[in-house]
């Protein structure tokens, strides 16, 4: 495989970079940071770039279309029902005559919003739990991990269902809470694993030997190095959360109408799919689009931020 | 090794108790009367009779205690909604169906996914790689309800190839649901295998073997495959658990009398004993699944064996 | 470096191709039912396959509460009376005749009723079964159906830990003076009692079977029945098959040999199954969104039902003038034509069309369409009208769609509506009674238990456990009490008319807004279309079904 000179140079530097971020003696001195390097590496990964662009396109669609759309997404007008796609209704209309182009965008706001909110919540809880468990170690760690095992025993989606039932009506934050509670364990495990493996690193031992306090070690050394992993984690966890929300909405336990999410739009669409297949296809494609973008971005980020994990 | 297994087995008891406690408390928090199924209000005396019959008028700790006792004597209690069956009956009649569905789905995932991943890795960056990854990514991203709907529409309705639209009776009826459920794990495996194989192919020892002059097939078969499969085995455990427990959408769409669909409806119906019984069942599956995977992992990857003991 | 073409793009192209194919192919479903008039000749194979809409929670007449259980039971057992499909008057079945003497009803049973285990069906079977259902130990949900019988409510309300229930049992007014005579003493004269006995909770069970097998007596291997069909197969959540029992007293008139049933709970799946020719009758239902497409086909069947879909209003929160305005702002016809789409009937009153006594009910105030101008006027005249209303619905399919239309309708009056969708069990808890303070409006339906309007009108009395509106009008209660005491049907129906007027008439209090009267829709293959019928109570009689060759 032929790389261009710039790629060659980065590859070279990546392979000689030491663990922990130091620069080997004698290597070419270049004023740059971990993040700039990561950015360049990311840019060189074509698939990740395309995915990033498509992701931004999707975000823009969801944010901008409802603002500029001439249609009221909540107006009921049966004379306009089930129109085929046209210039004024690029996706057609639904059973109530509401414009699907706008509704899908609004649904995207909710689905993506729930996705990110839940993922960030998962990350925060996971970081706290995993950091404590990994850092303190010993029996506390053991106990905390066994507790996690117990939680793993609760099946994901059914458990989320139980949690949604605790609340009277299901709105945005209820979904976020339910999905977070049902899936924060993986984050905790990942963080803990990272912390444990890094704890044994020389530079951490050195810091401890020098007498650095634990919170300094944690915040200055351990966490920044896990940050890369965590950012990748966000984009890896996002699809799971979005699919979870879609499934819950599909069986009818989702957001209240007239608000919609992609999952509830898909559920609406399934009833009529024999006559109007686009109504289930469009939200499903939107979900698929988001998931694929998230994955390629995650791949790209992982390669960019942590070059040790791949060799090609 | 045996010490490890015994230790893990002992840990399952407190874990299980914790799971039961969680679910028990959660279910009691959810408001709703399990005996009111229609809009008709339940007259007070009838409500009293029902509460008495199902011990719902006892204090919560008594109920919890009785329930735990029941679990350890393998009696999961009566169903509050299905009045002529108890939870054991329900599990006996529905669980094998879900198990079968999950197994077929998994089989599909392995039989199609792993070779796909191997093919993609061996022909990396060539057209067959792109096509294989296209299929894998589709399975990954497209939600299973769409996959199921499309499968039914094309194969059962439009082209009518001889598979029914729903049910779980003849072997033909088991094809579409298994594929629909197995699509996602298939994609997962394909991607995973491709990734790990590519990594392994670059490892020093592989290059050494090639340099030594070993035939490519032997290299691939012996060393690469075995080491690439380790992460697959690790992923397989929780994935199998997820497949079995997450099958309720497929079961609903295909009208399959499995346990997943039951779980969802029992939560809605406030059938406490069924919900708790099934949660325990799932917990047992997941816990033992993880245990099996860990043991297998120990066998497959000698490096971890020392680390653990 | 992994060099890949943008997979996302390629994938999207592929999916787009699928969309194009799907759009082009959509709408063409293969319908195997052969059209063309049936010759009317009986087919050689008298077997049908139908889709049941749910797994029956129980096939014990004392414990069954839903329509699937009810339908299975009424076909495998022999009720005392059946209802005439059009007039709904009681028709002799196992009871060949009866005498009504004020509060005493005596049934004379046929002598040829038999159980599948050879034992004869006697009056003491009924005494045993009814007492069993009334007993506090069984925990029967429908025990309240028996409260019209003397001593039943006391016996059912007895707490075995505290009171002497056996003594109360002895005081219940049902007895079998001889082998084929069943005597019932009611609390008061109830002209509708004989019709009520057609309900499945009044079916008899075989004593020796129940005593032998306890809770497991309904399993296919154990169950003992006395009706035209036997329970051949019951695979939970999968199938219920009924086979003709040649030992039934009137087996020679039953043409259908076997009714195989698949349990399909999802409407879309059932429709697919029907169009693929896998079932002959779809009783699961048709999703509202599929109705426009299927209505024009000849397999579509619609039956009137005794039920009212209504919106209740919390009279403590919503003043009278506003309640009337809200009622007039709703366009019932539009909702039916565009959302519900099953040819339901716009409800201009709470009593449903077809119920005995409907002729005496005027129903001429509310209109099928909206009268927004009138509504606005009424609202303007109400000084303390609410500007913002909370509307609660449960999350089953169809209700949120109707709620959205109602929300838009009330918006025209300048009222802001917040729609809250709740899960069913929570929804019911929330409604009480008394309803939660935040409830201004809610959606419910009421399906008749038996065919008399009192069953509907008594809902709105002060103490009714199904009155979630806080409506309490002593005059209304007095009217209902008077109706209960009136034995003559014509007189009683007049009182019903007055009661309905108090609810939805020109001076009505409108604690509720009726929306439509239910219909049952099915899909039926031409071979059984004529003989398969669903009555007003959602029951179908398989002993009348014939498969004709077409």
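The values are calculated or read from the model by the stated rules, or taken from the named source; none is laboratory data. Just so we're clear, the structure is a prediction, and the values are computed from it rather than from any experiment. Using ideal geometry, Cβ is built from the backbone for each residue, glycine included, and neighbour counts are taken over all protein chains shown.
Per-structure values
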| item | result |
| --- | --- |
| Looking only at the range C:346-360, and only at residues there that are buried (at least 19 other Cβ atoms within 10 Å of the Cβ) and not in a loop (DSSP other than H, G, I, E, B), the one that is farthest from the chain's Cα centre (by Cα) | C:360 |
| Checklist (1) surrounded by fewer than 19 Cβ atoms within 10 Å (Cβ to Cβ); (2) assigned to a helix (DSSP H, G or I) applied to residue C:323, failing item | (1) |
| Test: residue in the range B:19-33 that is at pLDDT 80 or above, in a helix (DSSP H, G or I) and either more than 21 Å from residue B:77 (Cα to Cα) or within 13 Å of chain C (Cβ to nearest Cβ) (or both) | no |
| From B:122, B:107, B:181, B:80, residue being closer than 30 Å to residue B:269 by Cβ, touching a helix residue (DSSP H, G or I) at 6+ places or on another chain (Cβ under 9 Å), away from chain A (no Cβ under 14 Å) and touching a residue at least 40 places away in the same chain (Cβ under 8 Å) | B:80 |
| Filtered residues of the range C:245-278 (kept if within 14 Å of chain B (Cβ to nearest Cβ) and assigned to a strand (DSSP E or B)) | C:260, C:261, C:262, C:263 |
| Helices (runs of 4 or more DSSP H) within the range C:426-516 that include 2 or more residues free of Cβ contacts under 8 Å to residues at least 24 places away in the same chain and either at positive phi or within 26 Å of the chain's Cα centre (by Cα) (or both) | C:474-485, C:489-504 |
| Selection status of residue A:157, at the interface with another protein chain (Cβ under 10 Å from one of its Cβ atoms), surrounded by 17 or more Cβ atoms within 10 Å (Cβ to Cβ) and under 30 Å from residue C:418 (Cβ atoms) | yes |
| Checking residue C:214 against (1) within 14 Å of chain B (Cβ to nearest Cβ); (2) crowded, with 17+ Cβ neighbours inside 10 Å, the condition it does not meet | (2) |
| Filtered residue count, the range C:227-244, keeping only those that are under 18 Å from residue C:283 (Cα atoms), touching a residue at least 60 places away in the same chain (Cβ under 8 Å) and assigned to a loop (DSSP other than H, G, I, E, B) | 2 |
| Residue under evaluation residue A:143, criteria (1) free of Cβ contacts under 8 Å to residues at least 40 places away in the same chain; (2) within 14 Å of chain B (Cβ to nearest Cβ); (3) buried (at least 17 other Cβ atoms within 10 Å of the Cβ); (4) more than 30 Å from residue C:427 (Cα to Cα), criterion not met | (3) |
| Candidates B:147, B:112 - the one that is within 14 Å of chain A (Cβ to nearest Cβ) and either part of a helix (DSSP H, G or I) or closer than 30 Å to residue C:237 by Cα (or both) | B:147 |
| Residue list for the range C:111-165, filter: farther than 21 Å from residue C:214 by Cα, assigned to a helix (DSSP H, G or I) and touching a helix residue (DSSP H, G or I) at 6+ places or on another chain (Cβ under 8 Å) | C:144, C:145, C:146, C:152, C:153, C:154, C:155 |
| Residues (within 7 Å of another protein chain (Cβ to nearest Cβ) and in a helix (DSSP H, G or I)) located in the range B:270-282 | B:279, B:282 |
| Of all residues making up the range C:407-425, the number that are in a helix (DSSP H, G or I) and closer than 16 Å to residue C:445 by Cα | 2 |
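For every residue, the table says whether it meets (1) in contact with a strand residue (DSSP E or B) (Cβ under 9 Å, 6 or more places away or on another chain); (2) modelled with pLDDT of 90 or more; (3) not assigned by TED's automatic domain parsing to the domain that holds residue C:309.
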| site | (1), (2), (3) |
| --- | --- |
| C:466 | yes, no, no |
| C:472 | no, yes, no |
| C:477 | no, yes, no |
| C:485 | no, no, no |
| C:489 | no, no, no |
| C:495 | no, yes, no |
| C:512 | yes, yes, no |
| C:547 | yes, yes, yes |
